[in-house]
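First comes the structure, then the notes that go with it.
Since every read-out is calculated from the coordinates, none of them should be taken as a lab result. All values reported here derive from a predicted model rather than from experimental measurement. Here the Cβ is made from the backbone with ideal geometry for all residues, glycine too, and neighbour counts use every protein chain on show.
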Amino acid sequence: MSSIILKVEGMSCNHCVNTVEKAMKELGAEGKVNLAGKLVEVVYDESKLTVEAIKEAIEEQGYDVVQ
């Protein structure tokens, strides 16, 4: 398992947290959002997912991954 911390702009409430965490779960990853820091820590299996796929899944929800 690998992990990455991404800076994500556009999250402002608990609905945003739930949306991003659900998107990660649907990918087969575990996402934990730090709303105050605008960070998402993602734990994933690098043999099944790429960082690009994770970023795309977050961006498809309407948020901007800036790191």
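Brief remarks follow.
- Taking Lys and Arg as +1 and Asp and Glu as -1, the other residues whose beta-carbon sits under 12 Å from that of residue 65 total -3.
- Against the main long axis of the alpha-carbon atoms of the chain, helix 14-27 sits at an angle near 10°.
- Sparse-neighbour loop sites [GluC sites (Glu not before Pro); the chain; at most 11 other C-beta within 10 Å; DSSP]: 46
- Debye intensity ratio I(q)/I(0), log10, the chain, q values 0.19, 0.28 Å⁻¹ (C-alpha model): -0.60, -1.37
- Cross-link partners of residue 7 among aspartates and glutamates, defined as those whose alpha carbon lies under 18 angstrom from its own and excluding same-chain residues fewer than eight positions apart: 21, 30, 41, 52, 56, 59, 60, 64.
- Given +1 at the Cβ of Lys and Arg, -1 at the Cβ of Asp and Glu and no other charges, the dipole of the chain around its Cα centre is 220 debye to the nearest 20.
- Nearest-ten-degree value, helix 51-60 long axis tilted from longest Cα axis of the chain: 40 degrees
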